[in-house]
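The values are calculated or read from the model by the stated rules, or taken from the named source; none is laboratory data. These numbers come from a predicted model, not from an experiment. As a convention, Cβ positions derive from the backbone with ideal geometry for all residues, glycine included, and neighbour counts pool all protein chains shown.
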Amino acid sequence: MLEARLYLLQRASAMLLVPLVLAHLVMILYAIEGGLSAAEILGRTRGNFLWAAFYGLFVTAVALHAPIGLRNILREWTGWRGRSLDLATLGFGALLLGLGLRAVLAVTV
Amino acid sequence: MQDTADREEMLTVEIWRGREDGALQTYRVPRRESQTVLDVVTWVQRNEEPALAYRFACRVGMCGSCAMQVNGKPRWTCRTHVSRVAENGLLRIEPLANLPRIKDLATDMAPFFEKWQGARGRHEPTRTRHEPMAPVSSESPARKAANAGIECINCAVCYAACDVVGWDENYLGPAALNRAWTLANDERDADKAGLLQAVSQGGGCHSCHSHGSCVEHCPVGLNPTAGIAGLKRMTLAALMKGEL
Ligand code: HEM
Ligand code: SF4
Ligand code: SF4
Ligand code: FES
């Protein structure tokens, strides 16, 4: 059943996001100590498989979580329903995944 | 005898007249001790507005037919004292929210009851009348969960209080889902798979945001939010086992 699956995916990705968001925030606090430069960031992330995996997972979780939530909001706040909305949701997820993974690749490869 | 009429305390009561395109009309109603909102409506109908349409039957909180919006909130009017809800002697009484209006304070309850059917809210028996009754322990956790939800009087107060009902015309709503939850915990019910499928459609239990407006307003103190959360858990367990 689609609704139950989407519900499961959204809650599972939310649980995944909790530690990821926290680690991301801690990382930001750590990274901006003593100024922030592109060279410094890239020095840390380039060729580092762990950071690629961390942000790859982060991007995937967001690409699952946010479109499902957006679909709920659109259904409640507009008259948009049915197949076209489901396809748009899928498209938005693919867009987030594509843009996110591109960014991850850009700083880690 | 002294004339007390001009010293009598009066309520200002605005009542909805007409259908969707109606309007509020104002009446002056004498204040009485232990007066309920339903008493006020009845006074207006008997003394001022014989054609006023509204519903009630039991007047003691059993039948669930008297619910209306009172100063913006859904309430069972026969058990709601004026002293608890009047704001500076003012009452605004409107038909129950989230339902089509028929006339004055009477709404069309059909969508509400259709959704009970949509949530598979009827019992599917495991036995016929020719077999002995199924023994059900009142101590089993399932029976306790069912018991917590069975006192619903079908008043639709929760249905009027739920934002999601107002936003999504397919949403089954708290009362129907609460009913499904009691059946899902009934050992004598034969079609649990069908029930879990019914509550997993678009507009089923997964549309609930658990914000608890239904719990806050339910006059008999039921907790549809908890039952709906239970249905979510049950459907997820069925999904994992490949049974949904
Ligand atoms: C710590 C991380 C996060 C957690 C624990 C979390 C949790 C949740 C939960 C439980 C819901 C469902 C609410 C409901 O149905 O009532 C939700 C909805 C939603 N989330 Fe997240 N989320 C997180 C991060 C994010 C991020 C990073 C985004 C966007 C990029 C996002 C976008 C949304 C959207 C658009 C909704 C729909 C709103 C709604 O259904 O009420 N969330 N989130
Ligand atoms: S908890 Fe769920 S059913 Fe109750 S009012 Fe909120 S959305 Fe509606
Ligand atoms: S759950 Fe409570 S508010 Fe809702 S219909 Fe039943 S008795 Fe009325
Ligand atoms: S008249 Fe029966 S519940 Fe109010």
When you check B:Ala193 against the structure, is it more than 9 Å from chain A (Cβ to nearest Cβ), crowded, with 24+ Cβ neighbours inside 10 Å and in a helix (DSSP H, G or I), yes or no? no
Does region B:136-149 include one or more residues that are assigned to a loop (DSSP other than H, G, I, E, B) and surrounded by 14 or more Cβ atoms within 10 Å (Cβ to Cβ)? yes
Would you pick out the residues in region A:82-107 that are farther than 20 Å from A:Leu8 by Cα and either touching a Lys or Arg at 6+ places or on another chain (Cβ under 9 Å) or within 16 Å of ligand 4 (Cβ to nearest atom) (or both)? A:Val107
Would a scan of region B:157-178 turn up a residue that is surrounded by fewer than 20 Cβ atoms within 10 Å (Cβ to Cβ), away from chain A (no Cβ under 14 Å) and in contact (Cβ under 8 Å) with a residue 24 or more places away in the chain? no
Going by the conditions given, is A:Ala4 within 11 Å of chain B (Cβ to nearest Cβ), within 23 Å of B:Cys205 (Cβ to Cβ) and either within 16 Å of ligand 2 (Cβ to nearest atom) or at pLDDT 95 or above (or both)? yes
Pick from region A:55-98, criterion among the β-branched types (Val, Ile, Thr) and surrounded by 15 or more Cβ atoms within 10 Å (Cβ to Cβ), ranking: farthest from the other protein chains (Cβ to nearest Cβ): A:Val59
List the pairs whose first member sits in region B:202-219 and is in contact (Cβ under 8 Å) with a residue 12 or more places away in the chain and among the polar types (S, T, N, Q), whose second member is assigned to a loop (DSSP other than H, G, I, E, B) and away from ligand 4 (no atom under 16 Å from the Cβ), and whose Cβ atoms are under 7 Å apart, counting only residues at least 6 apart or on separate chains? B:Ser207/B:Asp168; B:Ser207/B:Tyr171; B:Ser213/B:Cys162
Confirm whether B:Lys115 is within 16 Å of ligand 2 (Cβ to nearest atom), crowded, with 21+ Cβ neighbours inside 10 Å, within 14 Å of the chain's Cα centre (by Cα) and more than 14 Å from chain A (Cβ to nearest Cβ). yes
